[in-house]
Amino acid sequence: MKSLILRTTTRPIIVVLLLISIFLLLRGHDLPGGGFIGGLVAAAAAALYAIAFGADAAARLLRVRPELLVGWGMAATVVAGLLGMLAGREFLTGLWWVIAVGDQELKLSTPLLFDVGVYLVVVGVILRFVLSLEER
Amino acid sequence: MSALLVAPVVWPLATAAILVLLQGRLPIQRTLSTASAAVQLALAAVLLARVATQGILVVQFGGWDAPFGISFVADHLSAVMVLVNGIMGTAVAVYALRDLDADRERLGYHPMFHVLLAGVNGAFLTGDLFNLYVWFELLLIASFVLLTLGNRREQLEGGIKYVAANLVASMLLLTGIGLLYGATGTLNMADLALKLPLVPDGLATTLAMIFLVAFGIKAAIFPLFFWLPASYHTPPVAISALFGGMLTKVGVYALLRGFTLLFVADVALTHGLLAWIAGITMVVGVLGAAAQTEFRKILSFHIVSQIGYMVMGLAFFTPLGLGGAVFYMVHNIFAKANLFLIAGIARWYAGSFELKKLGGLYRHRPLLAVLFVIAAFSLAGFPPLSGFWAKLVVIRAGFEVQAWPLVAVSLSVGLLTLYSMTKIWLAAFWSPAPAGVELRAGPAPALLYAPVVALALLTLAMGFASAPFFALAERIGAELTDPTGYVRAVLGEAAAAAFVAQGGAR
Amino acid sequence: MEAYLAVVVGAVFAGGFYLVMQRNLLRFVFGLILLSSGVNLLVFTAGGISRGAPPIIPEGASVPVGEVANALPQALILTAIVIGFGLTVFAMVLLLRVYERLGTLRTDRLTAHLDDPQPVAGLPDDEAPA
């Protein structure tokens, strides 16, 4: 779509959307949010870019093919499940590591890894569809 | 132990993830895909051996105990089905090496194939009704993609019917799950077996009917089967074979599980209805096949017909009937998938699936003709092939409960099945090739033959050395008839005692 | 509260089934979307409704204090929404392909162009059988 208004506003909006998507991803464990919702917001940003500048431009901006995102995402979720088993617990058991960074603590966990995987899968799948629909 | 039970799902999913990352590198994808299917087969064999020695295995995901977490349960039925899926997966993966075109492979055949296997295994192993829904959806999405991969016009035309019917079935399944949760407050299948008897009978029967329709669409029973013959003949042969052999049987498995473990409040009504459905499904399927003249369409209608035999065993609701249904299902998966694969080889020689354009294959390729005879006459129930024993057990179960009309129907349907198989035999193998059809000089690639020979050997083994298969079927029949062991394995001794006290043990 | 929601569920289902039975495939998919919303609402209602009591365990306690909402139906619905979303997207893409290659979305005309030598939308013809 060749609309100057859309193209001009798209760039700042995308930055905000991507930041929100990461924010949603990270707060998802205890609060509303999570990998799926974050992934949807990120995919919405990419879809907006594809609508404003065309599918080719969006694919160039993304650099990797959406299928690869899906693959890495699936791999991340499987690994998140297996880590629990490697620690001698049942499959998908959550493991937590708390790292002190200054006076804050950084919580890393297998549920977070799982959510990142979901995030990547959602972004990849939706982009696959959006790009194939925008290409025509 | 936990690893072994999760492996049939995690292994193919991990394979799919790696295959996606290898997209575009066909030689590596092919090798990895086939090797992974073989490993999955080995894992399934170990799982069955472990279940046979140690009894029912259970794993609780994330360490959350049942009924709060999601359980995976492997009893004999689940383990056998996972093993059969492993065999089919390997056979089809090998066959696809020569059958599938590079275009479809580039479009993502390999990862989707493994997602499908994971979905099927998950559906067999899960002990949670909502989780069953999730696995159903996973295998559905994968099957949608595989069915329409390549976007040929008849694929799209068949695919849209397949998608529409199955999406409606999923909605109904979820509706049933929601209402069931509202009525009992649990979705763990063992816990449901314990709590469903407390639900008023009318409500329980209504729920049973919703699940009957939802599972029935997926299993393709009368009158919900129309999508199957409309779509199963459209994709490449390898995919057809996997669908025709394996996918509808997931629906049958769900019926078997649901109507032995959960919906047994009013057996006279529910299983009486199943008996009617079984009879009509058999007849309608076989009559539909008689009217067809395309190799794979005939086979597709026969899938429907033979689902009827499995439902018949379930309807009798005796150890013999249930064991017979499972024996029939396993025999049917091998024989049916093999016939699809043979249809593919026949097409390799003669260039068509239309019986009118086929012929002379017996003179041209005697070995192929022998392989066809083994699978086709097993399907028609010729002694001493596997189909004969399968039918014998189911019909003997019918004698036991004195269901004469159904026994009579199933015997006459057997004759009509023979008619269809003879029709294919006469048109494609016995009669000379029609004018203008040049049979391709062979032999067809060994990779196409190898899985066909392997499946034929399995059919022969189930026929000539049927004792161990019978023993297994008997054990499954006993386990399904009396689910106390299932409840004990998932929920523990106290729950099992409560289950027995309720009169759940039969 | 449950009674009102039950009526809403019934209305949404009725609309969904009406659309599902239409001849146009696009309406069929809209019907499915409506049905899946109806089912989600049904699961939500069947799970029991309680207001203003999130199932969060307070600091220092190990079990929830007092009556709290049932979190499980919401988890189920969230899963169902995700699955329904994926299925809907796939169905839409499939419809687009069907429209391109078969030239119609009417169920009674799907087979009309199946045997035409030339595809409808001017795309390259189907590959010949291998």
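The values are calculated or read from the model by the stated rules, or taken from the named source; none is laboratory data. Quick caveat: nothing in here was measured; it's all calculated off a predicted structure. Here the Cβ is made from the backbone with ideal geometry for all residues, glycine too, and neighbour counts use every protein chain on show. We work out accessible area using only protein heavy atoms, side chains counted, and drop any ligands, DNA or RNA first. Shrake-Rupley method; radii C 1.70, N 1.55, O 1.52, S 1.80 Å.
List the aspartates and glutamates whose Cα sits under 20 Å from the Cα of residue A:107, skipping any in the same chain fewer than 8 residues away.
Hits, sequence-local ones excluded: A:30, A:115, C:59.
In chain C, if the dipole is taken from +1 on Lys/Arg beta carbons and -1 on Asp/Glu beta carbons about the Cα centre, which of C:19, C:111, C:33 is farthest to the positive end?
C:19
To the nearest 500 deg cm²/dmol, what mean residue ellipticity at 222 nm is calculated for chain C from DSSP H runs of n ≥ 4 alone, each contributing -39,500 (n - 2.57), summed and divided by the residues?
Mean residue ellipticity, 222 nm, calculated: -19500 deg cm²/dmol.
Using only DSSP helix segments of four residues or longer, with each worth -39500 (n - 2.57), what per-residue ellipticity at 222 nm results for chain A after dividing by its residue count and rounding to 500?
So the calculated ellipticity at 222 nm is -24500 deg cm²/dmol.
Which order do B:233, B:114, B:364 take by accessible area at a 1.4 Å probe, largest first?
Final ranking, largest accessible area leading: B:364, B:233, B:114.
Mind ranking B:404, B:389 by accessible surface for me, highest first, 1.4 Å probe? Kindly include the intermediate steps, with their values, before the conclusion.
On the way: B:404 130, B:389 65 Å².
Solvent-accessible surface, decreasing: B:404, B:389.
Which order do you get for A:119, C:99, B:253 if you rank them by accessible area with a 1.4 Å probe, largest at the top?
My answer, sorted largest first, is C:99, A:119, B:253.
Could you tell me whether the protein assembly as shown comes out rounded, prolate or oblate from its Cα gyration tensor? Rule is a ≥ b ≥ c as square roots of the eigenvalues, rounded for a/c under 1.5, then prolate if a/b exceeds b/c, otherwise oblate.
Oblate shape, in that a/c is at least 1.5 and b/c is the bigger or equal ratio.
Name the GluC sites (Glu not before Pro) in segment A:33-136 that are in a loop by DSSP and that have at most 13 other C-beta atoms within 10 Å, would you? The partial results should precede the final answer.
Details: sites: A:67, A:90, A:105, A:134, A:135; in loops: A:90, A:135.
Here the sparse-neighbourhood loop sites are A:135.
Give me the lysines in straight-line cross-link reach of residue B:195: C-alpha distance below 27 Å, same-chain residues under 8 apart excluded.
Here the lysines satisfying the reach criterion relative to residue B:195 are B:218.
Please compare each pair in B:356/B:423; B:161/B:336; B:336/B:357; B:357/B:423 to a cut-off of 18 Å on the Cα-Cα distance and tell me which ones are over it.
Among B:356/B:423; B:161/B:336; B:336/B:357; B:357/B:423, the Cα-Cα distance tops 18 Å for B:161/B:336; B:336/B:357.
Relative contact order of segment B:113-257: what whole-number percent is it, with Cα pairs under 8 angstrom and at least 6 residues apart?
About 27 percent, as a whole number.
Using a 1.4 Å probe and ignoring any ligands, DNA or RNA, find the accessible area of residue B:195 and quote it in Å² to the nearest 10.
Roll a 1.4 Å probe over it and residue B:195 shows about 80 Å².
Express in Å², to the nearest 10, the accessible area of residue A:5 obtained by rolling a 1.4 Å probe over the protein heavy atoms while all chains stay in place.
So the heavy atoms of residue A:5 present about 130 Å² to solvent.
According to the square roots a ≥ b ≥ c of the eigenvalues of the Cα gyration tensor, what is the shape class of segment B:1-96, taking rounded for a/c under 1.5, prolate for a/b larger than b/c otherwise, and oblate for the remainder?
Because a/c hits 1.5 or more and a/b fails to exceed b/c, segment B:1-96 counts as oblate.
Within 10 Å of each candidate Cβ there may be at most 11 other Cβ atoms; applying that plus a DSSP loop requirement, which trypsin sites (Lys or Arg not before Pro) in segment A:1-43 survive?
A:2
Computed from the mean reciprocal separation of all distinct C-alpha pairs, what Kirkwood hydrodynamic radius does segment B:98-203 have, in Å?
15.8 Å
For segment B:76-92, take each phi angle, set θ = phi - 60°, evaluate the Karplus expression 6.51 cos²θ - 1.76 cosθ + 1.60, and give the result in whole Hz per residue in order, putting x for glycine and proline.
Going residue by residue, I get 4, 4, 4, 5, 5, 5, 5, 5, 4, 4, x, 5, 5, x, 5, 4, 5 Hz, with x marking Gly and Pro.
Averaged over every viewing direction, what's the projected area of the C-alpha convex hull for chain A? Give it in nm², one decimal, please.
9.7 nm²
Starting from the amide H of residue B:128, placed 1.01 Å from N in the peptide plane, find each other amide H under 5 Å away whose residue is 5 or more places distant or on another chain.
Amide H to amide H, under 5 Å and 5 or more residues apart or across chains, residue B:128 pairs with B:71, B:189.
To the nearest 10 square angstrom, how much accessible area does residue A:109 have with a 1.4 angstrom probe?
10 Å²
In whole percent, what relative contact order does segment A:4-134 give with Cα contacts below 8 Å and a gap of six or more residues? Working shown, then result.
Working: 189 pairs, mean separation 39.2, N = 131.
The value is 30 percent.
Please list, in order along segment B:479-484, the HN-Hα scalar couplings obtained from phi with the Karplus expression 6.51 cos²θ - 1.76 cosθ + 1.60 (θ = phi - 60°), rounded to whole Hz, x for Gly and Pro.
So the J values, rounded to whole Hz, are 5, 6, 5, 10, x, 4.
Over segment B:1-76, calculate the relative contact order: mean separation of alpha carbon pairs under 8 Å at least 6 apart, over the residue count, as a percent.
32 percent
Once you list every other residue whose beta carbon is under 14 Å from the beta carbon of residue B:199, what net charge do they have if Lys and Arg are +1 and Asp and Glu are -1? All intermediate terms of the calculation are to be shown ahead of the outcome.
Values: positive: B:195; negative: B:191, B:201, B:266.
Net of charged neighbours comes to -2.
Show me the trypsin sites (Lys or Arg not before Pro) within segment A:31-126 that DSSP assigns to loop and that have at most 16 other Cβ atoms within 10 Å of their Cβ.
Qualifying residues, ordered by number: A:63, A:89.
Considering only the other residues whose Cβ falls under 12 Å of the Cβ of residue B:379, what net charge follows from Lys and Arg at +1 and Asp and Glu at -1?
Around residue B:379, the charge tally is +2.
Give me the percent of the accessible area of chain B that comes from carbon and sulfur atoms, probe 1.4 Å, all protein chains in place.
That fraction is 69 percent.
Give the distance, in whole Å, between the Cα centre of segment B:247-283 and the Cα centre of segment A:61-121.
Cα centroid of segment B:247-283 versus Cα centroid of segment A:61-121: 42 Å apart.
What is the sum of charges, Lys and Arg at +1 and Asp and Glu at -1, for the other residues whose Cβ falls under 12 Å from the Cβ of residue B:316?
0
Per residue of segment C:25-35, what does 6.51 cos²θ - 1.76 cosθ + 1.60 with θ = phi - 60° give for ³J(HN,Hα)? Whole Hz please, x for Gly and Pro, Karplus curve as stated.
5, 4, 5, 4, 5, 4, x, 5, 4, 5, 4
On a C-alpha basis, how far is the centre of segment B:37-90 from the centre of segment A:18-33 in Å? Whole number, if you could?
After rounding, the separation between the Cα centres reads 36 Å.
Using the charge dipole of segment A:4-134 (Lys, Arg: +1 at Cβ; Asp, Glu: -1 at Cβ; taken about the Cα centre), state which of A:83, A:123, A:112 has its Cα farthest towards the positive end.
A:123
Please give the Cα centre distance for segment B:461-506 versus segment B:306-339, rounded to the nearest Å.
Here the two parts' Cα centres lie 17 Å apart.
May I ask you to give the solvent-accessible area per residue for the protein assembly as shown, in square angstrom, as obtained with a 1.4 angstrom probe?
Here the per-residue accessible area is 40 Å².
Calculated from DSSP H runs of 4 or more alone, at -39500 (n - 2.57) each and per residue, what is the 222 nm mean residue ellipticity of chain B, nearest 500?
It comes out at -25000 deg cm²/dmol, rounded to the nearest 500.
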